[in-house]
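The values are calculated or read from the model by the stated rules, or taken from the named source; none is laboratory data. Note that the structure is a prediction, hence the values are computed from the model and not measured. Note: ideal-geometry Cβ built from the backbone for every residue, glycine included; neighbour counts use all protein chains shown. Keep in mind that these areas ignore ligands, DNA and RNA; they rest on the heavy atoms of the full protein, side chains included. Shrake-Rupley method; radii C 1.70, N 1.55, O 1.52, S 1.80 Å.
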Amino acid sequence: MSSLPNMSKIWSSLCDVTMVTRDVIATCIKLSLWGNKTDLSLLEHFKLSVKDVQSGVAVDENDGRILSNDLEKVVECLMSLENGHVGIVLDNSGYELFSDLCLVDALLRSGRVTMVTLHQKTIPWFVSDVTQCDFNSTLSELLGCEELKGFSERLSSYKSACKLVTTEHPFWTSPSPYCEMQSVAPDLHDQLSKYDLVLFKGDLNYRKLVNDRTWSYDTRFGTALEGFSPTKVCALRTVKSDSIVGCDKERVEKILSEDRDSMFCGSYALISTNF
(Lines give C-alpha, C1' and ligand atoms only; values in the text may rest on other atoms or scores of the structure.)
Protein backbone atom coordinates (compact mmCIF):
# COMPACT_ATOMS: atom_id res chain seq x y z
CA MET A 1 0.00 0.00 0.00
CA SER A 2 3.00 2.29 -0.45
CA SER A 3 1.15 4.22 -3.18
CA LEU A 4 -1.56 5.44 -0.78
CA PRO A 5 -0.48 9.11 -0.95
CA ASN A 6 -0.84 9.02 -4.75
CA MET A 7 -4.14 7.17 -4.54
CA SER A 8 -5.51 9.70 -2.09
CA LYS A 9 -5.36 12.49 -4.68
CA ILE A 10 -7.28 10.30 -7.12
CA TRP A 11 -9.94 9.11 -4.71
CA SER A 12 -10.49 12.12 -2.48
CA SER A 13 -13.22 13.64 -4.66
CA LEU A 14 -15.03 10.31 -4.83
CA CYS A 15 -14.65 9.32 -1.19
CA ASP A 16 -15.66 12.72 0.13
CA VAL A 17 -18.73 13.45 -2.00
CA THR A 18 -21.57 14.75 0.15
CA MET A 19 -24.31 12.78 -1.61
CA VAL A 20 -23.94 9.25 -2.97
CA THR A 21 -26.00 9.18 -6.15
CA ARG A 22 -26.71 6.43 -8.70
CA ASP A 23 -23.75 7.68 -10.72
CA VAL A 24 -21.40 7.43 -7.73
CA ILE A 25 -22.58 3.86 -7.05
CA ALA A 26 -22.10 2.96 -10.73
CA THR A 27 -18.61 4.47 -10.75
CA CYS A 28 -17.61 2.60 -7.58
CA ILE A 29 -18.87 -0.69 -9.02
CA LYS A 30 -16.72 -0.16 -12.10
CA LEU A 31 -13.74 0.82 -9.96
CA SER A 32 -14.16 -2.41 -8.02
CA LEU A 33 -14.53 -4.31 -11.29
CA TRP A 34 -11.33 -2.96 -12.86
CA GLY A 35 -9.53 -3.20 -9.53
CA ASN A 36 -9.65 -6.94 -10.20
CA LYS A 37 -7.19 -6.33 -13.03
CA THR A 38 -4.43 -5.89 -10.47
CA ASP A 39 -3.91 -9.59 -9.90
CA LEU A 40 -0.35 -9.98 -8.64
CA SER A 41 0.21 -12.98 -10.90
CA LEU A 42 -0.52 -10.91 -14.01
CA LEU A 43 1.09 -7.55 -13.28
CA GLU A 44 3.95 -8.01 -15.73
CA HIS A 45 1.53 -8.79 -18.56
CA PHE A 46 -0.66 -5.69 -18.23
CA LYS A 47 -1.32 -3.78 -21.41
CA LEU A 48 -3.04 -1.17 -19.26
CA SER A 49 -0.62 -0.13 -16.56
CA VAL A 50 -1.35 -0.30 -12.85
CA LYS A 51 -0.96 3.49 -12.82
CA ASP A 52 -3.79 3.74 -15.36
CA VAL A 53 -6.01 1.45 -13.32
CA GLN A 54 -5.33 3.46 -10.16
CA SER A 55 -6.04 6.75 -11.90
CA GLY A 56 -9.47 5.57 -12.96
CA VAL A 57 -8.68 5.64 -16.69
CA ALA A 58 -10.05 2.12 -17.04
CA VAL A 59 -13.40 3.06 -15.53
CA ASP A 60 -14.84 5.27 -18.25
CA GLU A 61 -12.61 4.66 -21.24
CA ASN A 62 -12.99 0.89 -21.09
CA ASP A 63 -16.77 0.51 -20.91
CA GLY A 64 -16.54 -0.98 -24.39
CA ARG A 65 -14.40 -3.78 -23.00
CA ILE A 66 -17.17 -4.96 -20.67
CA LEU A 67 -18.40 -7.91 -22.75
CA SER A 68 -21.48 -8.58 -20.64
CA ASN A 69 -22.71 -5.48 -18.86
CA ASP A 70 -25.52 -5.72 -16.30
CA LEU A 71 -24.34 -2.60 -14.47
CA GLU A 72 -27.71 -0.84 -14.70
CA LYS A 73 -29.48 -3.88 -13.22
CA VAL A 74 -27.06 -3.90 -10.28
CA VAL A 75 -27.42 -0.16 -9.66
CA GLU A 76 -31.21 -0.40 -9.87
CA CYS A 77 -31.19 -3.29 -7.41
CA LEU A 78 -29.05 -1.36 -4.93
CA MET A 79 -30.98 1.90 -5.24
CA SER A 80 -34.28 0.10 -4.61
CA LEU A 81 -33.15 -1.32 -1.26
CA GLU A 82 -34.26 -0.22 2.18
CA ASN A 83 -32.00 -1.30 5.04
CA GLY A 84 -30.21 -3.53 2.56
CA HIS A 85 -27.59 -6.16 3.36
CA VAL A 86 -24.96 -6.79 0.67
CA GLY A 87 -22.34 -9.53 0.66
CA ILE A 88 -19.05 -9.30 -1.21
CA VAL A 89 -16.95 -12.41 -1.84
CA LEU A 90 -13.48 -10.90 -2.09
CA ASP A 91 -10.60 -11.80 -4.38
CA ASN A 92 -7.23 -10.01 -4.22
CA SER A 93 -5.64 -7.95 -1.47
CA GLY A 94 -3.71 -4.77 -2.21
CA TYR A 95 -5.20 -2.31 -4.68
CA GLU A 96 -8.26 -4.45 -5.45
CA LEU A 97 -9.24 -4.58 -1.77
CA PHE A 98 -8.82 -0.81 -1.61
CA SER A 99 -11.21 -0.39 -4.55
CA ASP A 100 -13.67 -2.81 -2.91
CA LEU A 101 -13.60 -0.74 0.28
CA CYS A 102 -14.41 2.37 -1.75
CA LEU A 103 -17.52 0.53 -2.98
CA VAL A 104 -18.36 -0.51 0.59
CA ASP A 105 -18.12 3.11 1.72
CA ALA A 106 -20.37 4.31 -1.09
CA LEU A 107 -22.96 1.62 -0.34
CA LEU A 108 -23.10 2.42 3.37
CA ARG A 109 -23.33 6.16 2.70
CA SER A 110 -26.05 5.73 0.08
CA GLY A 111 -28.82 5.33 2.66
CA ARG A 112 -29.93 2.17 0.85
CA VAL A 113 -27.54 -0.34 2.45
CA THR A 114 -27.08 -0.64 6.20
CA MET A 115 -24.76 -3.65 6.34
CA VAL A 116 -22.01 -5.13 4.17
CA THR A 117 -20.43 -8.52 4.87
CA LEU A 118 -17.02 -9.25 3.33
CA HIS A 119 -16.16 -12.90 2.73
CA GLN A 120 -12.43 -13.58 2.95
CA LYS A 121 -10.29 -16.70 2.56
CA THR A 122 -8.95 -18.68 5.51
CA ILE A 123 -5.57 -18.87 3.71
CA PRO A 124 -3.98 -16.92 0.81
CA TRP A 125 -5.07 -19.70 -1.54
CA PHE A 126 -3.84 -18.11 -4.77
CA VAL A 127 -1.07 -15.97 -3.25
CA SER A 128 -2.87 -12.63 -3.06
CA ASP A 129 -6.31 -13.71 -1.77
CA VAL A 130 -7.67 -11.49 1.00
CA THR A 131 -7.37 -12.91 4.51
CA GLN A 132 -8.27 -11.31 7.84
CA CYS A 133 -4.64 -10.28 8.25
CA ASP A 134 -4.76 -8.47 4.90
CA PHE A 135 -7.95 -6.66 5.86
CA ASN A 136 -6.54 -5.58 9.21
CA SER A 137 -3.27 -4.33 7.74
CA THR A 138 -5.07 -2.47 4.95
CA LEU A 139 -7.34 -0.69 7.40
CA SER A 140 -4.34 0.14 9.58
CA GLU A 141 -2.47 1.62 6.60
CA LEU A 142 -5.52 3.66 5.58
CA LEU A 143 -5.91 5.05 9.10
CA GLY A 144 -2.30 6.18 8.92
CA CYS A 145 -2.83 8.12 5.69
CA GLU A 146 -3.74 11.73 6.48
CA GLU A 147 -5.07 12.37 2.97
CA LEU A 148 -7.64 9.58 3.41
CA LYS A 149 -8.54 10.36 7.01
CA GLY A 150 -12.28 10.81 6.46
CA PHE A 151 -12.56 7.67 4.36
CA SER A 152 -10.54 5.48 6.72
CA GLU A 153 -12.32 6.75 9.83
CA ARG A 154 -15.67 5.94 8.25
CA LEU A 155 -14.49 2.39 7.53
CA SER A 156 -13.33 2.03 11.13
CA SER A 157 -16.65 3.32 12.45
CA TYR A 158 -18.58 0.92 10.20
CA LYS A 159 -16.53 -1.94 11.62
CA SER A 160 -17.13 -0.80 15.22
CA ALA A 161 -20.86 -0.46 14.60
CA CYS A 162 -21.02 -3.88 12.88
CA LYS A 163 -22.17 -2.27 9.65
CA LEU A 164 -19.06 -3.71 8.02
CA VAL A 165 -18.47 -7.34 8.95
CA THR A 166 -15.71 -9.70 7.85
CA THR A 167 -16.11 -13.46 7.81
CA GLU A 168 -14.49 -16.57 6.36
CA HIS A 169 -15.50 -20.14 5.57
CA PRO A 170 -13.48 -23.21 4.50
CA PHE A 171 -15.79 -23.70 1.50
CA TRP A 172 -14.13 -20.78 -0.30
CA THR A 173 -10.88 -22.79 -0.47
CA SER A 174 -12.50 -26.12 -1.27
CA PRO A 175 -12.58 -27.74 -4.75
CA SER A 176 -16.39 -27.63 -4.93
CA PRO A 177 -18.16 -25.47 -7.53
CA TYR A 178 -20.75 -23.12 -6.08
CA CYS A 179 -23.67 -25.14 -7.46
CA GLU A 180 -22.73 -27.71 -4.78
CA MET A 181 -22.69 -25.19 -1.92
CA GLN A 182 -26.18 -25.99 -0.67
CA SER A 183 -25.25 -29.63 -0.09
CA VAL A 184 -21.57 -29.20 0.87
CA ALA A 185 -21.86 -26.03 2.99
CA PRO A 186 -25.54 -25.46 3.80
CA ASP A 187 -24.67 -22.98 6.57
CA LEU A 188 -22.85 -20.72 4.10
CA HIS A 189 -25.62 -21.07 1.52
CA ASP A 190 -28.14 -20.07 4.19
CA GLN A 191 -26.01 -17.05 5.12
CA LEU A 192 -25.88 -15.85 1.51
CA SER A 193 -29.64 -16.30 1.17
CA LYS A 194 -30.15 -13.60 3.79
CA TYR A 195 -28.42 -10.96 1.65
CA ASP A 196 -30.28 -8.72 -0.78
CA LEU A 197 -27.38 -9.06 -3.21
CA VAL A 198 -24.04 -10.86 -3.22
CA LEU A 199 -21.14 -9.68 -5.37
CA PHE A 200 -18.54 -12.26 -6.41
CA LYS A 201 -15.18 -10.72 -7.26
CA GLY A 202 -12.65 -12.04 -9.72
CA ASP A 203 -11.81 -14.82 -12.10
CA LEU A 204 -11.66 -17.81 -9.76
CA ASN A 205 -15.00 -17.00 -8.12
CA TYR A 206 -16.49 -16.66 -11.62
CA ARG A 207 -15.07 -20.01 -12.73
CA LYS A 208 -16.51 -21.71 -9.65
CA LEU A 209 -19.86 -19.99 -10.22
CA VAL A 210 -20.10 -21.52 -13.73
CA ASN A 211 -18.48 -24.82 -12.67
CA ASP A 212 -15.43 -24.07 -14.83
CA ARG A 213 -17.16 -25.56 -17.85
CA THR A 214 -16.54 -24.75 -21.49
CA TRP A 215 -19.94 -23.18 -22.05
CA SER A 216 -21.02 -21.60 -25.30
CA TYR A 217 -20.18 -17.90 -24.95
CA ASP A 218 -23.84 -16.92 -25.40
CA THR A 219 -25.12 -19.19 -22.60
CA ARG A 220 -27.17 -17.22 -20.08
CA PHE A 221 -25.25 -16.57 -16.87
CA GLY A 222 -28.23 -17.81 -14.84
CA THR A 223 -28.20 -21.08 -16.76
CA ALA A 224 -24.45 -21.55 -16.20
CA LEU A 225 -24.98 -21.19 -12.43
CA GLU A 226 -26.67 -24.62 -12.56
CA GLY A 227 -29.18 -23.87 -9.86
CA PHE A 228 -26.96 -21.79 -7.59
CA SER A 229 -29.21 -18.91 -6.64
CA PRO A 230 -29.31 -18.29 -2.88
CA THR A 231 -30.18 -14.66 -3.60
CA LYS A 232 -29.48 -12.09 -6.30
CA VAL A 233 -25.99 -12.80 -7.61
CA CYS A 234 -23.60 -10.50 -9.48
CA ALA A 235 -20.15 -11.43 -10.77
CA LEU A 236 -17.58 -8.63 -11.19
CA ARG A 237 -14.71 -10.15 -13.13
CA THR A 238 -11.88 -9.18 -15.42
CA VAL A 239 -11.34 -12.10 -17.80
CA LYS A 240 -8.23 -14.20 -17.18
CA SER A 241 -9.45 -17.66 -18.27
CA ASP A 242 -11.67 -19.20 -20.91
CA SER A 243 -14.93 -19.82 -18.99
CA ILE A 244 -17.08 -17.03 -20.45
CA VAL A 245 -20.88 -16.82 -20.67
CA GLY A 246 -23.61 -14.26 -21.27
CA CYS A 247 -21.79 -12.60 -24.17
CA ASP A 248 -22.17 -11.95 -27.87
CA LYS A 249 -20.65 -15.17 -29.22
CA GLU A 250 -19.44 -13.63 -32.47
CA ARG A 251 -17.72 -10.77 -30.67
CA VAL A 252 -15.84 -13.09 -28.29
CA GLU A 253 -14.77 -15.34 -31.15
CA LYS A 254 -13.58 -12.32 -33.14
CA ILE A 255 -11.42 -11.09 -30.22
CA LEU A 256 -9.99 -14.59 -29.76
CA SER A 257 -9.15 -14.92 -33.43
CA GLU A 258 -7.47 -11.51 -33.64
CA ASP A 259 -5.59 -11.33 -30.33
CA ARG A 260 -6.20 -14.34 -28.10
CA ASP A 261 -3.73 -13.23 -25.41
CA SER A 262 -5.61 -9.98 -24.82
CA MET A 263 -8.68 -11.94 -23.71
CA PHE A 264 -6.90 -13.59 -20.79
CA CYS A 265 -4.86 -10.79 -19.18
CA GLY A 266 -7.66 -8.78 -17.60
CA SER A 267 -8.20 -6.38 -20.51
CA TYR A 268 -11.86 -7.42 -20.85
CA ALA A 269 -14.48 -7.67 -18.14
CA LEU A 270 -17.92 -9.00 -17.23
CA ILE A 271 -20.68 -7.67 -14.98
CA SER A 272 -23.08 -10.60 -14.92
CA THR A 273 -26.27 -11.14 -12.89
CA ASN A 274 -28.87 -13.85 -12.38
CA PHE A 275 -31.73 -11.35 -12.25
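In the structure shown, the pairs K159/K208; K37/K208; K73/K159; K194/K240 are assessed against 26 Å; a Cα-Cα span above that value is assigned to K159/K208; K73/K159; K194/K240. Look at where the Cα atoms of region 74-103 and of region 230-248 average out, and the two centres are 16 Å apart. Taking a point 7 Å out from the Cα of S193 in the direction of its Cβ, the residues of region 221-247 whose backbone N falls within less than 12 Å of it are 229-231. Taking amide hydrogens as placed 1.01 Å from N in the peptide plane, the amide H of V89 sits under 5 Å from those of H119, L199, F200, K201, each at least 5 positions away in sequence or on another chain.
Spin-label model, I123 to S140: label points 7 Å out along the Cα-to-beta-carbon direction sit 2.3 nm apart. Each Lys or Arg adds one and each Asp or Glu subtracts one; over the other residues with Cβ under 10 Å from the Cβ of L108, this totals +3. Applying 1/(1 + (r/R0)^6) with r as the Cβ-Cβ distance of E82 and R213 and R0 = 35 angstrom yields a FRET efficiency of 0.40. Quick check on region 134-275: take the gyration tensor over C-alpha atoms, sort the square-rooted eigenvalues as a ≥ b ≥ c, and tell me if it's rounded (a/c under 1.5), prolate or oblate. Oblate, because a/c is 1.5 or more while a/b does not exceed b/c.
The shape of region 125-213 comes out prolate: with a ≥ b ≥ c from the C-alpha gyration tensor, a/c is at least 1.5 and a/b beats b/c.
Taking every alpha-carbon pair under 8 Å whose residues sit at least 6 apart, region 128-245 reaches a relative contact order of 23 percent. Surface analysis of the chain yields an accessible area of 42 Å² per residue, using protein heavy atoms and a 1.4 Å probe.
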